[in-house]
Structures are given as C-alpha cells and as structure tokens.
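**Student:** Pasting in a structure now, in structure tokens, and then I'll have a few things to ask.
No value in this document is a laboratory result; all are computed from the given coordinates. The model shown is predicted, which means the values in this text are computed figures rather than measured ones. So basically every Cβ, Gly included, is an ideal-geometry build from the backbone, and we count neighbours across all protein chains shown.
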Amino acid sequence: MGVKGWLARQAVVGAHALVVESPGAWLTRVAVEQALVRRGWRAAASAADADVLVVCGQPGARLAGAIDHVWDQLPGPRARTGVAAAADADAALDQVRSVLLDDRGQRGDAAARAVAPAGAESAPERDDGDDGGHHGGDHGEMGMSGPGGIPLASGASARDGLGMDVVHLPLGPVLPYWPPGLVLWTTMQGDVAAEVEVELLDAEDAPLPDRERRSLRSARRCDAAAAMLMLAGWDSAAVAARRARDGLLTGASASESVSAVARLHARVARSRVLRWSLRDLGRLDDEQVAEHLLPQHLRGDAHDRLLRLLTACLDQQHDEAPTERDLDPSAVAAALPPLLTGLDLAAVRLVVASLVPFAAARAAPVGGGPDA
Amino acid sequence: MPELAQVTQVAPVWAVVAVLLLGGVAVVAAGLDGALAARAAGQAPLSGARMPLVETARLLRQRRRTLVAADSLLWRSGGAGLVLVALLMVAVVPLGQWTLADLAVGVVWFNAMDVVVWALVWLAGWGPNAAYPLVGGYRFLAQALAYELPLMFALTAPAVAAGSLRVADVAAAQQGVWFVVWMPVAFAVYCLSVVGFSVWGPLAPAVGADIAGGVLAEVSGPDRLLLQAGRYALLAAGAAFAVPLFLGGGSGPGLPGWCWVLVKTVLLLAALVAVRRRIPTLRPDRFVEVGWMALLPVVLLQVLVVSVVAVIGG
C-alpha cells in the first residue's frame, strides 16, 4: 500500500488531460486549460497519453458518440469529467484527482473493461444518410476485411499516376488543436490527402453565431494563434500566445495585454524558420477568395493569416463594443476541400487552423447563408 | 602517425556505472526541459524540474494498451531499443582515462548505432497499426535521409584530423586546440544530427502535435516511458560523444579528466535541450532540401579543408 500510494500521489502531480471542446464552449476549454496550468498538469496529445478526459460544454449526439469511443481508449488509471461552465473547471479537476487516486476504484474500472484492444478510430460512425449517400462508391471498395476486421487498404492512382494504396482517415472531431465539431473525411495516399469531404457535427442543434465583445474576439484570435504555433511545433511561442490570451480575457490593463500581443507578434514575425515552414501553405489569391465568398483578409498563405490573427488583436480598441459578425463556419468549411486536396497531413492541419479561426465562435446550421 | 593514447578498458561490470551515469545525465536533461517549460508557463521552475520523477511514476502506474492487429513484438522492441542504442553509443566514450570498449573503430561504431535508430523509430511507428504513428515513422525516415549523410561526414572530419578512428586517439589529438575551434561546421552539423536522431525539438516532427504525438500517439504506460527515456538518453549520448570528438575530451584545468567529460557533456546537453524552445519544427519535406542542398556541400567542404590541413601538417 505504501509504495502504491506514494506512486499514485506522485503520478497525479503531473496528470495529462485530453480536453474535448464542444462547439460554442471555447471559453470553458480556456478555463480548463488555465486550471491545468495552475496544477502543473499537461494537455494530452492523444487518448493513449491521457489520464483524464475533460469534456467542455454540451456535446451533441454525434460528438458525444465520438467522445465515448475515445474514453474506451484511455489506458487507465483514468477519470472522466464534464465541465458545463467555465466557473466549474477547478472543482471538476479536483474531483477527477480524487478519482485517479482511488486505487480500489481504478482496479474495479480496469476489471470491468473489455479485454479486446481499443480500436484506433476516434471518429464517429459516418452518417451517410445525411449526405445523400453519394459516397457509396468509396465504401464499396472496402468490402474485403483484413486482420482484426479492419478493411484492407484499397488502391487508387496518385497525383503522379502511380498506383497507390489509399486509406480512409477521419480527422476530428476529438483531436487537439482542431476546430470543435469539425470532421474531415479524408482519403489518404501515404500522408497526402487525395480526397477531402467536410462535415460539421451536430450543426443543426448549435445556436446561431453571436456578436461578441472585441476583447473576447481578440482573445479568441490569440487562442487560434496558439493552436497554429503548436501545430507548427513551436511550443514556447504557443505558451506565450496563451498567456496573452489569458491577459485579454481577465481584462487586465488593456495596454499590458496589447503589449504582450505586440511582443509575441514581433517574435513570430522575426522567425525565419517559421516563415520558411509555413510559406505558400493554403495560399488563397483574390480570385479564390471571391469564388468562395470569403472576406479579403483571408488572402495569402498560412503565415500571412497567422500574423493577421495577431495584428487583428493589436489594431482593435479593447472596449466592450460588439464587433461586426464573423464569418459563418459553413462558408469556411465549404472552401476547405479544394484547398486541402493534395496536401500532406501537416499542411492540412496548418491550413485548417489558419482559416477556421476567422469563422464565428459558434457553429451555425449547415446551409445557413453566409453572414459576413 | 600519432602515438596511441593511454586509456584503460575497464571490466564489463562497470557497465552498471555507465548506465547510472547515462541515466543521471538524461534525468538532468528531462528536469531542465520541465523547468524551462514551467518558467515559460509562469509557474515555479522547480515544480517543472520534478517532471522526470512525476512522469516516471505516472507511466509506471499507467496500463499498457494494444490495438487491433498490432505487431506487438516489433512495436515494443522499437521503443525499448532506443535506450539500449544510447548505452551502446556511450560505451565507446572515454570517461577520463577509462572506457568500456576501446574499439579501434569507435567512431564507426557510433555511426552504426545512430543508423539503428532509423529502424527503431520506424518500428515504433509501424508496430501499433495506426495511421498517426505510421505517418510519424515515415516522417522520421524522411528526416533521417536528410541528416544522415551530413552526419557521417561530420564524424569523418575529426577522425581525419586525428588520423585514427579510435575515440581515445581523437580526444588525444586535441591537446593543443579543440576540434570545435577549427571545424565549427562539422560540429554544428553533428549537433543538428544529434537533435535529429533523438527526435527532439526542431527535428521532432515524428512526434509532432499535428499528428497527435505521431510515433507516441498510441503508446502508453511503461512502453511510453521507455520511448521517452530513450529520446533523452540518445540526446545525452550524443552530447557525451561530442566531448572526445570536438571538445577536447577530458582536458581542462584543475579538475580530473572524468569530471571534465561530465561537465562538458552536461553543458552541451543543456544547450541542446534549450534549442527546443527557440526554433519551430523543421517540416521534413522542406528539411530534406536543406540537408542535401546546403548541409551536405558545406560539410564536404569542411572535410576537404580538414584533409588538406592534415596532409600539410602531417
């Protein structure tokens, strides 16, 4: 008991939490992230890395299904909690901590779990009915089952005309630094996306985009910049972006938070490696912007848009006046497939992260008119 | 030819000390990384310095997991192999006047070990039979294609200057001036490659956040602990091997040789750990171009300069 108890107490000092954000719950997710930092806990990169599953906000039916899948993949000792509102974050994590420490309870949980290995899929079952069944052909090729009942990879021609295996890989909805509620149904050849289809989960249940305060929108842009920096593999700049975001949210002195963003902007703009790494990714020219009814500030490549996320925070007065409405998420989603086709996985992630933050914070029903 | 340097090959049982030293230095690296991360997040650095202990406890307590149709044997051996390779690397590093293995081809031995890392990281990515780890494994191979040849030539430069592939001879050849002073390009390329084969910092796209941890995405518990420990151990072994190769071995005022080797190792290791906070990931598809178009020519030039100097001087 002594050694086990000691081990458990040490282990929970640095627990890893997989944080899942429901559409519209980004402020709750931010509160959870802040609570994690205060405890010295860390964000998990995947289910296998996680001790704790934290669900922020109220997930719709499809997202909840995906979350249950992910919960099955946590290795254990594990604990799960839902955080409905930002104010509940600390209490929820305290409760989770005691669940992790409870050795007897964890042994019971482990014994009750199925012995079958967890599947690698983290996405919900695809709901073909909604999409008019036009992907029937994709699935027809996958009739043959390989070991463990997993469909074997099927073949297709790659960009250069060579025959290559393809595999169907859903990106999202439970994926760190990924827009909440978004699923990309991709057909991958190697790590290149050969086909991409977009779905916004539970969009019909989500409330309409709302006007938000300027300081709030600046904070959201900082948060999006942090996600992009994480995806670009620059953790320390991402941490700085999160701290700038927290400054904007707590309403600490406006000049101080703006200067924090300014320092970050200078640091990001100065990095030649980052520019070299993001250059030409997801480049939108004037023609494409007009074709997809997107606003002019989405022009350029991922690096341009990352800097624009930060300059947007600098330009605005941090008063409480509401902003003009942001883009409808479905408008951005519709523009994604042609931009993403032919990109490798790293580029897909960066382009999505550079475009989606310019959409509204809350998901709107699919098919709703553009609102910019 | 320079006369043979005096080193004593110690009994194999001393490998235990080598394990402890390598482990200790790796823990220092992990603690430093934790402290730097905590400071960046606005927390007390000391709370982050406990990271190695806390993470070890967490992963020892965590259950292992497997996936449908995973190749468990290759998956687990890929993870566990990294620690072993790091240990085999430091076996040829003289600690002052002692060494575990006084090989006549010690430099080549180190090179062979770092090539084994290719297989191990790829197997760790391929074993779980899941998309993200597999992408991570292939990313590592692409990156390794970019750094491996420059690394080989960077290792050649000190060996040419010393006229020997024996690590102790290379260290002894630096009695006057350290090799880092007149072959800085080889040293820089060597350090970059150490960061590369340790899957660390700017050369860690194989475990990137954009693929949910890549090679680490599906691994948990003790298996994850071995993989992570292996990365730190490789970083430590790479730093340790740079000491006889470029940093004058055990030479230095006041302290005994073994002490200087440790001090130099830890200082270089701290610099390698800190690099992670300064530079974003170098994406493998773009880094390959740098490796072949920039690193390889400049390191070849470096070897040419070293060879000319060696011929004239010899």
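**Student:** Per-residue Cβ counts within 10 Å, from other chains only, averaged over A:347-354: what number is that? Numbers along the way, then the final one.
**Tutor:** On the way: counts 3, 1, 4, 2, 0, 0, 1, 0.
Counting Cβ atoms of other protein chains within 10 Å of each residue's Cβ and averaging gives 1.
**Student:** Turning to a different aspect of this structure: With springs only between Cα atoms under 10 Å, which of B:R139, B:R39, B:R224 fluctuates most in a Gaussian network model of chain B?
**Tutor:** B:R39
**Student:** Mind checking the mean number of beta-carbon atoms from other chains within 10 Å of the Cβ atoms in B:129-135? Please report the intermediate quantities before stating the final value.
**Tutor:** Details: counts 6, 6, 11, 8, 3, 3, 7.
Mean shielding by partner chains, rounded to a whole number: 6.
**Student:** Given a Förster distance of 51 angstrom, what is the FRET efficiency for A:D94 paired with B:A69, based on the Cβ-Cβ distance and rounded to 0.05?
**Tutor:** Details: r = 40 Å, r/R0 = 0.78.
Calculated transfer efficiency: 0.80.
**Student:** Quick one: what are the phi-derived ³J(HN,Hα) couplings along segment B:220-232, Karplus 6.51/-1.76/1.60 with θ = phi - 60°, whole Hz, x for glycine and proline?
**Tutor:** Working through the residues one at a time gives 9, x, x, 5, 5, 4, 5, 4, 5, 4, x, 5, 5 Hz.
**Student:** In addition: With each run of n ≥ 4 DSSP H residues scored as -39500 (n - 2.57), what mean residue ellipticity at 222 nm is computed for the protein assembly as shown after dividing by its residue count and rounding to the nearest 500 deg cm²/dmol?
**Tutor:** Details: 27 runs with 379 residues, N = 686.
The helix-only estimate for the protein assembly as shown comes to -18000 deg cm²/dmol at 222 nm.
**Student:** Follow-up question, since we're still on this one. For A:D94, what is the net charge nearby, where nearby means another residue's Cβ is under 12 Å from its Cβ and Lys, Arg count +1, Asp, Glu -1?
**Tutor:** On the way: positive: A:R38, A:R39, A:R97; negative: A:D88, A:D90.
Computed value for this residue: +1.
**Student:** If a paramagnetic tag sat 7 Å from the Cα of A:D285 along the Cα-Cβ line, which residues of segment A:341-356 would have the backbone N under 18 Å from that point?
**Tutor:** Correct set: A:341.
**Student:** Over segment A:251-316, what is the mean sequence separation of C-alpha contacts under 8 Å (at least six apart), divided by residue count, expressed as relative contact order in percent?
**Tutor:** Details: 52 pairs, mean separation 23.8, N = 66.
The normalised contact order for segment A:251-316 reaches 36 percent.
**Student:** Quick check for me: using +1 on Lys/Arg Cβ and -1 on Asp/Glu Cβ, what's the dipole size of chain B about its Cα centre, in debye to the nearest 20? It would help to have the intermediate numbers written out before the result.
**Tutor:** Values: 18 positive and 13 negative charges, 202 e Å.
Computed about the Cα centre, the dipole is about 960 debye.
**Student:** How many partner chain Cβ atoms sit within 10 Å of a residue's Cβ in peptide A:45-55, on average, as a whole number?
**Tutor:** On the way: counts 11, 13, 5, 17, 10, 2, 4, 0, 0, 0, 0.
The mean count of partner-chain Cβ atoms within 10 Å per residue comes to 6.
**Student:** Could you work out the relative contact order of segment B:24-156? I mean the mean sequence separation of Cα pairs under 8 Å and 6+ apart, divided by the number of residues, in percent.
**Tutor:** Working: 125 pairs, mean separation 27.2, N = 133.
Result for segment B:24-156 is 20 percent.
**Student:** If you restrict to DSSP beta bridges whose two residues both lie in the protein assembly as shown, what percentage is antiparallel, to the nearest 5?
**Tutor:** Details: 22 of 38 bridges.
So the antiparallel bridges amount to about 60 percent of the total.
**Student:** Just to verify a number: FRET efficiency for A:A84 and B:Q43, C-beta to C-beta distance, R0 = 35 Å, to 0.05?
**Tutor:** Numbers: r = 27 Å, r/R0 = 0.77.
In this case the efficiency is close to 0.80.
**Student:** Going toward the positive end of the dipole of chain B, with +1 on Lys and Arg Cβ and -1 on Asp and Glu Cβ, which of B:A162, B:L192, B:G250 do you reach last?
**Tutor:** Checking the options against the dipole of chain B, the answer is B:L192.
**Student:** Got the relative contact order for chain B handy, in percent, Cα pairs under 8 Å and 6 or more residues apart?
**Tutor:** Numbers: 553 pairs, mean separation 80.7, N = 314.
It comes to 26 percent, rounded to a whole number.
**Student:** Right, here's the next one. Using 1/(1 + (r/R0)^6) with R0 = 45 angstrom and r between the beta carbons of B:A294 and A:S259, what's the FRET efficiency to the nearest 0.05?
**Tutor:** Approximately 0.75, to the nearest 0.05.
**Student:** Please give the direction-averaged projected area of the C-alpha convex hull for the protein assembly as shown, in square nanometres with one decimal.
**Tutor:** Average of the hull's projected areas for the protein assembly as shown equals 32.0 nm².
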